[in-house]
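A.B. asks: Have a look at the structure that comes next, please.
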Amino acid sequence: MTVKTAVIGCGPAARNQHLPALQLNPDAKLVALCDLDAEALRQVSMDGVATYTDIEKLVETESLDSVHVCTPPQTRVDIAETVMPHDINVLFEKPLAASVSDAERLAELAAKHDVLASVVHNKLFTPHFRDAQQRVNGGDIGDVIATDVIYGSDADLTDTHRDTWVNELPGGEIGEGMPHRIYMALAFCDGLGDVECISHRNLENVDDVAFDGICIQMKDKSGNQLVTVRVLTNTISREELTVYGTEGELVVDNNLKSIRTSSFNDATAKGMIEESVTQAAQLMRGVVKNALGFATRVAYRKMDDPQGEESDSHYVLIDQYLDAVQSGDDPPVTLAEGTDTIRVIEAIDEMI
């Protein structure tokens, strides 16, 4: 079964991630594009793919198995109410929705119409992040007791390549990227419990955004795991996730696309030297692995082989979503996981 697919919303996420992935994937057939903006449609139009400026006309005209919704989060419920009654599965770009109530409504609609729905949490599907999850799930660092994400950027919060809807988010441009940091932190625990504390500041007094730095402290459902997310501007570029376990720790470095583990527990000179050598070796292995991966990807892409996209997190997630549509299995990311992320974002909005 080839999954007949339309993309709704033809902005940057559609142009740069969804459309290339769908065109390369042998399990997908891109049949239509839809956007209220005729100029946006013109920019992405392609032979053999129908274009629409009206969603109702799209779903009534085309026989679709799936749609990718790449519109602003405030539009999601209206689109789902139009699409899902036609037995069409849906993949939503992140964030899932503009509020928890909207996210819960999306889950209700999916259950009512018995369709599969998922959300793009693409950073969970990079090769190094998947490797990290396998190691943690395999017990490499023992039982998880805490997770910490730190993201640093020197971004200009008044400048965005996205539309003006970004300015409605609490942190503007860094608020748009906040879901990535939250869902990565929650990936190593069994769901979100309480949002305990939110601290923030606006060091540069940027107009029209509530913060340019924030720290969020949470617990998982059991109350036994601590989860912290820190997002900072006016600093160097950094994106790391540390998972603390009873027998060690694991660090995911998204900038270097690598992971490293430590079970250091020897403060002697010999122990410190051995740990330094171990950390250096892990970094070098990461460099070699990335170089080989890059060379392999280039070779596959020259042959137009989809295996060249195995390091592209959007492609991998979309591929798994297509598999779920075909098989009826669980989606790569559930709406419950997407809703947990929205719960944190909503808590930020309420506390600031």
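A.B. asks: Does GLN17 satisfy being in the same structural domain as SER99 (by TED's automatic domain parsing), exposed (fewer than 13 other Cβ atoms within 10 Å of the Cβ) and at pLDDT below 95?
C.D. replies: No.
A.B. asks: A further question follows. Can you work out which of the residues in region 301-340 that are modelled with pLDDT of 95 or more, part of a helix (DSSP H, G or I) and among the polar types (S, T, N, Q) is nearest to ARG105 (Cα to Cα)?
C.D. replies: THR339
A.B. asks: Quick one: in region 206-260, which of the residues that are acidic (Asp, Glu) and under 20 Å from the mean Cα position of the chain (by Cα) is surrounded by the fewest Cβ atoms within 10 Å (Cβ to Cβ)?
C.D. replies: The selected residue is GLU240.
A.B. asks: Which numbered condition trips up THR268, out of (1) of a type in the set (S, T, N, Q); (2) outside the structural domain of ARG181 (by TED's automatic domain parsing); (3) in contact with a strand residue (DSSP E or B) (Cβ under 8 Å, 6 or more places away or on another chain)?
C.D. replies: If we test THR268 against (1) of a type in the set (S, T, N, Q); (2) outside the structural domain of ARG181 (by TED's automatic domain parsing); (3) in contact with a strand residue (DSSP E or B) (Cβ under 8 Å, 6 or more places away or on another chain), just (3) comes out false.
A.B. asks: Among the residues of region 314-331, which ones are within 10 Å of VAL3 (Cα to Cα) and free of Cβ contacts under 8 Å to residues at least 12 places away in the same chain?
C.D. replies: Those that are within 10 Å of VAL3 (Cα to Cα) and free of Cβ contacts under 8 Å to residues at least 12 places away in the same chain: none in region 314-331.
A.B. asks: Name the pairs: first residue in region 95-110 and more than 10 Å from THR339 (Cβ to Cβ), second residue charged (D, E, K, R) and modelled with pLDDT of 95 or more, Cβ to Cβ under 9 Å, at least 6 apart or on different chains?
C.D. replies: Pairs that qualify, where the first residue is more than 10 Å from THR339 (Cβ to Cβ) and the partner is charged (D, E, K, R) and modelled with pLDDT of 95 or more, are ALA98/ARG76; ARG105/ARG76; ARG105/GLU81; LEU109/GLU81.
A.B. asks: Any residue at all in region 36-57 that's buried (at least 18 other Cβ atoms within 10 Å of the Cβ), touching a Phe, Trp or Tyr at 6+ places or on another chain (Cβ under 8 Å) and at pLDDT 95 or above?
C.D. replies: no
A.B. asks: Output yes when any residue across region 71-86 is in a loop (DSSP other than H, G, I, E, B) and either among the hydrophobic types (A, V, I, L, M, F, W, C) or at positive phi (or both), and no when none is.
C.D. replies: Scanning region 71-86, I find no residue that is in a loop (DSSP other than H, G, I, E, B) and either among the hydrophobic types (A, V, I, L, M, F, W, C) or at positive phi (or both), so the answer is no.
A.B. asks: All but one of (1) part of a loop (DSSP other than H, G, I, E, B); (2) touching a Lys or Arg at 6+ places or on another chain (Cβ under 6 Å); (3) free of Cβ contacts under 8 Å to residues at least 60 places away in the same chain hold for ASP114; state the number of the condition that does not hold.
C.D. replies: The number of the failed condition is (2).
A.B. asks: Among the residues of region 66-91, count how many are over 18 Å from GLU346 (Cα atoms) and either charged (D, E, K, R) or surrounded by 19 or more Cβ atoms within 10 Å (Cβ to Cβ) (or both).
C.D. replies: Of the residues in that region, 17 qualify.
A.B. asks: If you don't mind, there's one more thing I want to ask. Would you tally the residues in region 40-50 being outside any loop (DSSP other than H, G, I, E, B) and more than 27 Å from the chain's Cα centre (by Cα)?
C.D. replies: Here the count works out to 2.
A.B. asks: Find all pairs meeting these conditions: Cβ atoms under 7 angstrom apart; at least six residues apart or on different chains; first residue within region 177-198 and touching a residue at least 60 places away in the same chain (Cβ under 8 Å); second residue of a type in the set (Ser, Thr, Tyr).
C.D. replies: Qualifying pairs under 7 Å: PRO179/THR341; ILE182/THR341; TYR183/THR341.
A.B. asks: Related question: Within region 225-260, can you find the residues that are touching a strand residue (DSSP E or B) at 6+ places or on another chain (Cβ under 8 Å), assigned to a loop (DSSP other than H, G, I, E, B) and more than 22 Å from MET284 (Cβ to Cβ)?
C.D. replies: Correct list: GLN225, THR233, ASN234, THR235, ILE236, THR246.
A.B. asks: Taking into account only those residues within region 117-138 that are in a helix (DSSP H, G or I) and of a type in the set (S, T, N, Q), which is surrounded by the most Cβ atoms within 10 Å (Cβ to Cβ)?
C.D. replies: Of everything passing the filter in region 117-138, ASN122 is surrounded by the most Cβ atoms within 10 Å (Cβ to Cβ).
A.B. asks: Tell me the residue from CYS34, CYS70 that is in the same structural domain as VAL316 (by TED's automatic domain parsing) and in contact (Cβ under 8 Å) with a residue 40 or more places away in the chain, please.
C.D. replies: Result of the check over CYS34, CYS70: CYS70.
The values are calculated or read from the model by the stated rules, or taken from the named source; none is laboratory data. All of these numbers come straight from a predicted model, not from anything done at the bench. All Cβ positions, even for glycine, are placed from backbone atoms using ideal geometry, and neighbour counts span all protein chains on display.
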